[in-house]
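Asks: The structure follows.
The values are calculated or read from the model by the stated rules, or taken from the named source; none is laboratory data. What you are looking at is a predicted structure, and each value in this text was computed from that prediction instead of being measured. In this analysis, Cβ positions are derived from the backbone assuming ideal geometry, glycine residues included, and neighbour counts consider all displayed protein chains. Ligands, DNA and RNA are excluded from the accessible area calculation, which covers all protein heavy atoms including side chains. Shrake-Rupley method; radii C 1.70, N 1.55, O 1.52, S 1.80 Å.
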Amino acid sequence: MFSTEQSCWFVRKVICWRAVASIAWAVLLLLPITVVFVILSRFSLLHPIQTISECLSFLWGASAIFSLILLCGVIIMVGFLNLEYYTVIPTIACSKIALLGQLLHPRQFVNSLAHCIMGIIVAWCCAVTIGGRYETIGYPCTQGDGSDGSPQMCLNEYHLFLLLAGAFVGFSHSLLGVIYNMNYVSFHTVQQYKYLRFKGSLPLVVKCSAAQALYSVRNYIVVYFFLGYIPKAWICKTLNLHLNSSVHPLDSVAGLLDLSLLYHQWISASFLLFTWHVTLLLFRIFVTEVYSFPVQSSFTEDAHQCLPKVLTDKQPMILKFLALQDLALLSQHSPSRRCEVFGLSQPGGHPHNWNAITQECLSLLADLTQRLIAYHDTVATNGRAKSLSTGSDRKTSSETSITSCPEDLMSPRPTLLMKTPASVFARSIVGAPQSPLTAPFTPDLDSPFASPALRRLTAPMDQFSPGFGTVQSPHIMRRAPKLWSTPTDSQVNGSPPASPFSVPSPKQEPSKPSRLAQFLQNRKEQVKHFLAKRVLIMYLFNKLPEASSQALFADSQAHIWALEGLSYLVQASFSEDQFGVVQTTLPSILGCMLVLQEAVDRHFKLPHASSKPVRSASSMGESAHKTLRFALRATLKTAIYRITTTFGNHLNAVQMSAEHRKRLQQFLEYKE
């Protein structure tokens with residue numbers, strides 16, 4: 001295990017510089033964007049030449065330069081927040097209460113406050129740019145008849161209206177960022193140059209910014225109509241300003257029916273959102289750029305930067321994702337780097353590179369299979385997840401505590417709950433620590449989802465041996481069951497003894513709970529039934545459609561690259577593997593893919609798992625995670641077909657179980 005300094009080298013040397021480059025380009029693009037905003041905000045159809053001359057004179061003024069400096073500072077702050085809050089694995093709320101918890105998180109509160117302040121700064125720059133009645137917060141006025149009234153400073157409500165609109169747009173943008181996962185950075189399937197990708201996404205950014213600004217203006221007008229008097233009175237009291245009674249207040253119907261005011265507010269909100277969205281788009285483009293890791297290094301101090309070592313790192317996740325992306329690309333387009341993967345170490349002649357890459361990819365696939373089986377175990381007999389209102393989710397002392405939301409499945413669990421330590425999904429078999437995205441599981445063999453394959457998986461069979469290629473015979477395993485499991489484990493799992501020669505151990509009687517525990521359990525059930533009858537409580541706690549399935553496959557982009565990398569490397573090994581290092585692990589790779597294929601097929605038979613969500617075109621939020629399960633299913637089937645079409649009938653010589661051979665035959669005959 002490498003030190004923390006070695007593991008974060010990628011953030012210091014690559015990610016930070018990519019973020020700086022994206023911010024620099026956003027600052028450079030700020031000048032032409034500001035020029036367009038000045039023209040649109042001051043343009044007049046009746047006096048076009050005069051408008052152009054006024055715009056040119058304003059751009060050379062001191063106020064325009066000072067506003068541009070402030071806008072550059074805002075862009076730098078937005079870029080820093082993008083770097084601080086970005087993630088490659090989206091956070092998906094399984095219920096309304098979970099989404100509410102994300103919105104009320106202290107970290108999100110700081111983010112919203114920062115966006116409000118930046119919105120006010122941008123709105124002030126917009127007010128100065130538009131000029132006229134929006135330029136200052138106060139102006140001299142005369143109260144009364146004007147004959148004997150002394151000049152006073154009155155509140156310019158138009159200026160205040162724009163400032164509060166900037167704060168409101170910034171706050172709503174921060175909330176929409178959580179709802180639509182705007183901090184989620186997805187990787188494009190088709191590799192493009194940065195300029196072409198930016199050019200292709202620019203129309204969508206303009207459309208999303210204008211549409212979101214329109215909705216924000218509508219919502220802000222409603223809020224200001226009912227609550228506008230509160231900030232207006234506070235500003236007047238703080239700055240010692242007066243209200244001009246001869247002017248219609250803007251928190252009235254007559255004041256808000258001003259088309260010029262609404263247009264300037266909308267164009268200002270569009271300018272604010274467009275600059276922020278451009279900064280976010282550039283950050284996504286630069287951060288997800290392909291990075292080529294060396295397969296092996298001649299120097300020991302650079303060993304932690306090589307691809308086999310980087311793949312085993314858990315943090316930061318962007319490093320692992322870029323490494324898997326590089327693995328998928330080199331397996332398809334780089335014969336020279338593939339030779340390094342298939343090569344042997346000197347001295348010793350061991351395929352360390354291939355073993356490390358295969359080990360990590362198989363562990364990722366085994367993790368996903370484990371999560372799918374654990375999720376199936378929490379599904380009720382009618383195919384729906386257990387809800388709060390049923391009241392029938394009481395667990396006995398022999399059941400594992402797995403909830404119906406995959407968010408709980410992603411939390412680490414004690415190793416005591418693992419009742420099938422020698423299962424094919426155990427992380428100890430592939431030699432990697434447990435991922436926080438997985439949890440130990442115990443399949444329920446009495447459930448309707450317990451197929452014969454599931455019973456076979458819980459049997460003490462070591463198909464994926466640490467040596468990758470030592471496939472034990474079923475007869476040998478029956479003669480020596482204690483090498484992988486004990487009779488106690490078999491009885492705890494509910495499966496039959498692994499061998500007729502094994503002596504079953506006596507069943508342990510469950511301990512009787514105390515009266516206090518029974519009393520607390522009864523009170524808990526009473527409170528649960530009472531809350532289940534409340535409509536608001538059920539609205540907040542009910543599971544959102546498709547949310548559980550989306551959360552289960554939230555990190556499936558890594559599994560897609562692992563499947564592509566393994567399948568392309570196995571395909572290339574047919575003609576490029578000179579030492580036969582791939583053939584020793586071919587049974588393990590095929591077995592892992594076939595087991596995952598069975599688990600994925602069973603998952604798509606559940607409700608809401610096979611329904612494709614509709615993509616929203618009015619938001620900058622990434623929606624790629626909503627269709628990751630479909631991409632994974634297609635990639636998995638393609639990967640198996642890629643291997644079967646390359647090796648053909650040669651796969652009949654590969655040692656595997658009868659059920660795996662039967663399923664593999666379906667792919668060989670193109671019937672799957």
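Asks: Taking the condition surrounded by fewer than 19 Cβ atoms within 10 Å (Cβ to Cβ) and either under 30 Å from residue 643 (Cβ atoms) or modelled with pLDDT under 80 (or both), does residue 532 pass?
Replies: Details: surrounded by fewer than 19 Cβ atoms within 10 Å (Cβ to Cβ): yes; either under 30 Å from residue 643 (Cβ atoms) or modelled with pLDDT under 80 (or both): yes.
Answer is yes for this residue.
Asks: Can you report the number of residues in segment 37-72 which are within 29 Å of residue 111 (Cβ to Cβ) and open to solvent by 40 Å² or more (accessible area, probe 1.4 Å)? Walk me through it before giving the result.
Replies: Let us first name the residues in segment 37-72 that are within 29 Å of residue 111 (Cβ to Cβ), namely 37, 41, 66-72.
Those left that are additionally open to solvent by 40 Å² or more (accessible area, probe 1.4 Å): 66, 68-70.
Number of matching residues: 4.
Asks: Looking at segment 240-252, can you tell me whether even one residue there is touching a residue at least 40 places away in the same chain (Cβ under 8 Å), open to solvent by less than 30 Å² (accessible area, probe 1.4 Å) and within 30 Å of residue 29 (Cα to Cα)?
Replies: no
Asks: Between a residue in segment 515-544 that is aliphatic (A, V, I, L, M) and any residue that is modelled with pLDDT of 80 or more and assigned to a strand (DSSP E or B), which pairs come within a Cβ distance under 8 Å, given they are 6 or more apart or on different chains?
Replies: Every condition considered, the pairs that remain are 540/95; 544/95.
Asks: Kindly provide the set of residues from segment 624-672 that are within 30 Å of residue 87 (Cα to Cα) and in contact (Cβ under 8 Å) with a residue 40 or more places away in the chain, ordered by number.
Replies: Step one: list which residues in segment 624-672 are within 30 Å of residue 87 (Cα to Cα), which gives 624-639.
Scanning segment 624-672 gives 624, 625, 626, 628, 629, 631, 632, 635, 636, 637, 638, 639.
Asks: May I pose another question? Determine if segment 124-133 includes at least one residue that is open to solvent by less than 30 Å² (accessible area, probe 1.4 Å) and modelled with pLDDT under 90.
Replies: To start, the set of residues in segment 124-133 that are open to solvent by less than 30 Å² (accessible area, probe 1.4 Å) comprises 125-131.
Next cut, modelled with pLDDT under 90 only: 131.
Yes, because at least one residue in segment 124-133 is open to solvent by less than 30 Å² (accessible area, probe 1.4 Å) and modelled with pLDDT under 90.
Asks: Which count do you get for residues in segment 273-316 that are within 16 Å of residue 14 (Cβ to Cβ), open to solvent by 50 Å² or more (accessible area, probe 1.4 Å) and in contact (Cβ under 8 Å) with a residue 12 or more places away in the chain?
Replies: Adding up the residues that qualify gives 7.
Asks: Go through (1) more than 25 Å from residue 266 (Cβ to Cβ); (2) in contact with a helix residue (DSSP H, G or I) (Cβ under 8 Å, 6 or more places away or on another chain) one by one and return the number of the condition residue 28 breaks.
Replies: (2)
Asks: Could you identify the single residue in 204, 163, 214, 176 that is outside any loop (DSSP other than H, G, I, E, B) and open to solvent by 70 Å² or more (accessible area, probe 1.4 Å)?
Replies: Working: 204 fails: open to solvent by 70 Å² or more (accessible area, probe 1.4 Å); 163 fails: open to solvent by 70 Å² or more (accessible area, probe 1.4 Å); 176 fails: open to solvent by 70 Å² or more (accessible area, probe 1.4 Å).
Matching residue, one of 204, 163, 214, 176: 214.
Asks: Shifting gears a bit: Is there any pair linking a residue in segment 106-123 that is closer than 14 Å to residue 273 by Cα to one that is assigned to a helix (DSSP H, G or I) and open to solvent by 60 Å² or more (accessible area, probe 1.4 Å), with Cβ under 8 Å and at least six apart or on different chains, and which?
Replies: The qualifying pairs are 115/171; 116/171; 118/77; 119/171.
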